[in-house]
Amino acid sequence: MRDKNKTSRSRENGFTGKSDSWFDEERYNRPKLNANFDEAKQHDYYYNSYSSHHIHEEMLKDSNRTLAYQRAIEGNPEDFKDKVVLDIGCGTGILSIFAARAGAKHVYAIDNAEIALFAKEIIHDNNLSDKITVIKGKIEEVDLPFKEGEIDIIVSEWMGYFLLYESMLDCVLWARDKFLNKETGKMLPDRATMYVAAIEDAEYMGEKTQFWKNVYGVNMSCMTNGIFVDPMVDTVPSSNIMSDSCCILDLDLVHMKPGDVEFANCYSLKMQYTDKVHALVAWFDTSFANLTRPTVLTTSPMKKYTHWK
Ligand SMILES: C[S@@+](CC[C@H](N)C(=O)[O-])C[C@H]1O[C@@H](n2cnc3c(N)ncnc32)[C@H](O)[C@@H]1O
């Protein structure tokens, strides 16, 4: 559901022997047998998925995520008092409601999915209709009732898997450059960092391989090719981490340009013990630093589970 940038791919073949045998470039680059959706259908699919209750329930129930935003917003009433706030991709309106409760002068809540209609109802039912204006449409396309540079704070939960996978960061940056007050405006979050570490997980790999060997008596072993080539989204027990971690991307969301997400970086990992490296795990943190009481949302395997896994 969140898709865009491709992540690095790895294939488990033991990582023994010469390094040029670790990756099969030809195989990585081979076209996949994916259904060929055109762009318009993908666009509809994206917004349709955000129109379902289920996805918003999952995000709201991710208490690590939602409480981090609540800490950043309601925990900092000094920063929100009398401010004009823009909530990009408001979903159910939860972040707008936090901002209104934190004392914002007015909040503009925008979402292109049908969920915007529910946001309007939720905001009405919570007696905040005079403080929050809900607008349904794409931020880049819809007519907006405020002027350029008039927004004091942009709040958005735009992060996708692997931070950038189908993320909506581009439209957040577009709105930042157009509507945020250039001198005093704040971005929430204002920094995003991505990390990588090596893991050992023979049990997980073994389970995956075993499953496809015998599916109701049918040998589907060829399916294991995909699982070792494509990135996986899953939880990783912290005990499986066998190296230190390395920061591979550090985005300053206040000053960065959209193209900065296209990155290549060198990193080195120091192993804590000798074993086979089965995979690299990547995760991200987002910071809410420029506030009276700064806070961080982390998706690290060392911390509590989030819906980003
Ligand atoms: C990850 S959800 C966050 C929902 C809500 N803010 C929350 O924290 O629960 C992102 C939302 O952004 C909306 N969205 C994505 N791109 C958008 C755009 N360009 N204009 C308006 N809404 C957008 C999606 O429809 C989706 O509801």
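The values are calculated or read from the model by the stated rules, or taken from the named source; none is laboratory data. In this text, all values refer to a predicted model and were calculated from it rather than measured experimentally. We place every Cβ from the backbone using ideal geometry, glycine too, and count neighbours over all the protein chains shown.
At a glance:
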quantity: Subset of segment 64-90 (residues that are touching a residue at least 60 places away in the same chain (Cβ under 8 Å) and farther than 12 Å from L188 by Cβ); calculated: N64, R65, E78, V84, G89
quantity: Members of segment 267-288 found to be among the aliphatic types (A, V, I, L, M) and surrounded by 14 or more Cβ atoms within 10 Å (Cβ to Cβ), listed by number; calculated: L269, V277, A279, L280, V281, A282
quantity: Every residue from segment 84-101 that is within 15 Å of F288 (Cβ to Cβ) and either near the ligand (Cβ under 10 Å from one of its atoms) or touching a Gly at 6+ places or on another chain (Cβ under 8 Å) (or both); calculated: D87, L95, F98
quantity: Selection status of K147, more than 25 Å from D62 (Cβ to Cβ), surrounded by fewer than 21 Cβ atoms within 10 Å (Cβ to Cβ) and in contact with a Phe, Trp or Tyr (Cβ under 9 Å, 6 or more places away or on another chain); calculated: yes
quantity: Pick from segment 102-114, criterion within 11 Å of the ligand (Cβ to nearest atom) and assigned to a loop (DSSP other than H, G, I, E, B), ranking: surrounded by the fewest Cβ atoms within 10 Å (Cβ to Cβ); calculated: E114
quantity: Strands (runs of 3 or more DSSP E) fully within segment 231-309 counting 1 or more residues that are farther than 23 Å from E74 by Cα and of a type outside the set (S, T, Y); calculated: 246-252, 279-288
quantity: Given (1) modelled with pLDDT of 90 or more; (2) in contact with a strand residue (DSSP E or B) (Cβ under 8 Å, 6 or more places away or on another chain), number of the condition S167 does not satisfy; calculated: (1)
quantity: Per-region count, segment 106-139, residues among the charged types (D, E, K, R) and either at pLDDT below 95 or at positive phi (or both); calculated: 1
